[in-house]
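Just below is one structure, and these are the notes that go with it.
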Amino acid sequence: MNAIQDFFSNLVTGISIFDAIDVVIIAFVIYKILGFLRETRAEQLVKGLFVLIIFTVISALLHLNALNWILKATMQFSVIALVVVFQPELRRGLEHLGRSRWIRSQFESIDKAEAKEAVAALIGAVDYFSANSTGALIVMEREVSLTDFAETGVVLNSDLTAELLENIFYEGAPMHDGAVIVRGAKVYAAACMLPLTKKRDLESELGMRHRAGIGITEVSDAFTIMVSEETGVISTASDAKLTRFLDIKTLEKTILNLYLKEPTEKLPQFVGLFRRKRKNVPKQ
C-alpha cells in the first residue's frame with residue numbers, strides 16, 4: 001500500500017506546470033486535427049492508414065517479414081497519396097491556421113450605417129432575383145483576398161447597390177455570366193471565373209453556378225450567395241458547405257452578422273422599400 005502511495009506521490013510531484021501546459025497544447029492540436037479531418041474526404045483515408053498501422057505492428061510481432069515489408073511500403077505511398085489527393089483540404093486547413101484575430105476583414109473597414117445600406121442592397125437584389133428566377137452568383141470577400149479571381153473578370157470597384165447588381169445579372173447583359181465579388185460595401189468585380197468544386201455527392205440538378213459557388217469557399221473563407229435561374233431557390237456556401245432553400249429573412253440575418261459581427265438588428269425601413277419596388281417590376 002505504501003509503495004502505491006509513494007508511486008503516485010512521486011508521479012504528482014514530478015509533473016511541473018509546463019508539463020501540464022505541454023499536454024493541454026498537444027491535446028488541443030490533436031482535437032483540432034481530428035475535427036478538421038471529419039469535415040473532409042481525408043477521413044476515410046486516415047482510417048485506412050490506421051488499419052495499415054495495426055496490421056503492420058501485428059505482422060512485426062508475428063515475424064511475418066514479407067508481409068511487414070509490403071505493409072510498410074504501402075504506408076509510405078499512402079502518406080504521399082494523402083498529400084497529393086487532398087491538397088485542396090490541406091491548403092484550406094493551413095489558410096485557416098494562418099488567419100488571426102488581428103487581421104481586419106473587409107467588413108470591419110466600414111461603419112455600421114454603411115454596412116446596413118450594403119446589406120439592404122444585397123437583400124433587395126437577391127429578393128428580386130429569387131422572385132423573377134434570375135440566376136446570380138455573389139461572392140463576399142472576407143479575410144482571404146480574392147484579387148486573383150477578380151482579375152479574371154471586370155474590376156468595377158463601384159458602390160454596392162441593388163440596381164447595379166440587377167443590371168449585372170440581367171439576362172443578356174455582357175457581364176451576367178460569371179460571379180460578382182463584393183469587397184466591403186463595394187462591388188469590386190463582375191464576370192469573374194471561379195474554381196469548380198470537386199465534390200461528387202452534389203445533387204444532379206445543381207449546375208455550374210452552384211459548383212463554382214462551393215468551389216471558391218474550398219480555397220478561401222469567402223461567403224457566396226447563389227440564386228437558381230430555373231427555380232429561384234436561394235442558396236449559400238461557406239467553408240465548402242452548401243445550404244439550400246433559404247428564405248430572405250434568414251439570409252438577411254446571416255449577411256448582417258457577417259458585416260456587424262454582433263447580434264442582428266432590424267434593418268431600416270428602406271429594406272422594405274426595396275422589396276415593394278421589386279413587386280411592381282414585371283418579370284424579365
Members of region 154-163 found to be surrounded by 14 or more Cβ atoms within 10 Å (Cβ to Cβ) and either in contact (Cβ under 8 Å) with a residue 40 or more places away in the chain or small (Gly, Ala, Ser) (or both), listed by number: Leu160, Thr161, Ala162
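Being closer than 26 Å to Leu260 by Cα, in the same structural domain as Glu229 (by TED's automatic domain parsing), acidic (Asp, Glu) and out of contact with any Leu (no Cβ under 6 Å at 6 or more places or on another chain) is true for just one of Glu205, Glu171, Glu141, Glu151. Which residue is that?
Numbers: Glu205 fails: closer than 26 Å to Leu260 by Cα; Glu171 fails: closer than 26 Å to Leu260 by Cα; Glu151 fails: closer than 26 Å to Leu260 by Cα.
From the options Glu205, Glu171, Glu141, Glu151, the qualifying one is Glu141.
Conditions (1) modelled with pLDDT under 65; (2) charged (D, E, K, R), marked per residue:
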| site | (1), (2) |
| --- | --- |
| Gln5 | no, no |
| Phe8 | yes, no |
| Asp22 | no, yes |
| Val29 | no, no |
| Ile33 | no, no |
| Arg41 | yes, yes |
| Phe55 | no, no |
| Ala60 | no, no |
Filtering helices (runs of 4 or more DSSP H) wholly in region 184-284 for at least 1 residues that are modelled with pLDDT under 95, in contact with a strand residue (DSSP E or B) (Cβ under 7 Å, 6 or more places away or on another chain) and surrounded by 13 or more Cβ atoms within 10 Å (Cβ to Cβ) gives 208-218, 248-260
If a residue has to be of a type in the set (A, V, I, L, M) and part of a strand (DSSP E or B) to count, how many in region 130-177 make the cut? 8
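The values are calculated or read from the model by the stated rules, or taken from the named source; none is laboratory data. Quick caveat: nothing in here was measured; it's all calculated off a predicted structure. So basically every Cβ, Gly included, is an ideal-geometry build from the backbone, and we count neighbours across all protein chains shown.
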